[in-house]
Amino acid sequence: MIDIHYFGNIIYYYTLLKPKTIEFATLLPYQKGWFNNKCVIASSNGPLNLSIPLLGGRNQHIALKDVRIAYHQNWRRQHLRAIETCYRNAPFFEFYFFKFEQLFENEFEYLIDFNIASFKLVSSILKIDQPIVFNDACTDPKQVQMSKIYNKTSDVLDISFLKYEQVFENSIGFLINISIIDLIFCTGTRSNQLLNNTFTA
């Protein structure tokens, strides 16, 4: 069982590729510091955080399924422009960017609905075909693989040998365990194979 992330990182999607069924917990209390409304991509200046603003702010403790997105600022346009700026020179940008444009055209009321839509987008690219189950009973964060672990690298799982050519690697170095967005634009249809090959050792 796992919570639903906003374009989760490498370890997150590695985790999702393993079980026969993907079980998302929807009644967990939203907690500041989790990755339900933020992701990290690679920019020319290093890691860039993208955060979806929330109605009620980041300190609320309501269930994930009840968290609403704030639209007082045009964050969708900002995020889309950031993705375009960071990855327009990536090998597979032209193959996938229009899919992200289509996603960001939608104004979802609830964060969980936007995250489900973003997960479906990634799933179509990575060819994730496991059945999805939504668990509406679990309310204890200790019963799930918590979001905070996915911000770590070698402390959780050694993925230092997952190497692929990143857009700004020559200037800022290789960034480990950032958003799946990076892997998709840089490696395209090889993303699924790279994840599976990396973690079978």
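Here's the yes/no breakdown for (1) surrounded by 12 or more Cβ atoms within 10 Å (Cβ to Cβ); (2) out of contact with any strand residue (DSSP E or B) (no Cβ under 7 Å at 6 or more places or on another chain):
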{"position": "Q73", "(1), (2)": "no, yes"}
{"position": "R76", "(1), (2)": "yes, yes"}
{"position": "H79", "(1), (2)": "yes, no"}
{"position": "T85", "(1), (2)": "yes, yes"}
{"position": "F100", "(1), (2)": "yes, yes"}
{"position": "E105", "(1), (2)": "no, yes"}
{"position": "F114", "(1), (2)": "yes, no"}
{"position": "K120", "(1), (2)": "yes, yes"}
{"position": "D129", "(1), (2)": "no, yes"}
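Looking only at residues of segment 63-82 that are in a helix (DSSP H, G or I) and out of contact with any helix residue (DSSP H, G or I) (no Cβ under 8 Å at 6 or more places or on another chain), we find that the one that is nearest to L28 (Cα to Cα) is D66. Which residues, counting only those in segment 30-50, are assigned to a strand (DSSP E or B) and either exposed (fewer than 15 other Cβ atoms within 10 Å of the Cβ) or among the aliphatic types (A, V, I, L, M) (or both)? Residues satisfying the conditions are V40, I41, A42, G46, P47, L48, N49, L50. Taking K152, is it modelled with pLDDT under 90 and over 27 Å from K65 (Cβ atoms)? So K152 does not fit the description; no. All conditions but one from (1) touching a Phe, Trp or Tyr at 6+ places or on another chain (Cβ under 8 Å); (2) in a loop (DSSP other than H, G, I, E, B); (3) more than 30 Å from G173 (Cβ to Cβ) apply to F114; the one that does not is (2).
The values are calculated or read from the model by the stated rules, or taken from the named source; none is laboratory data. Predicted model, so just to flag it, every value in this text is computed and none were measured. All Cβ positions, glycine included, derive from the backbone under ideal geometry; neighbour counts span all protein chains shown.
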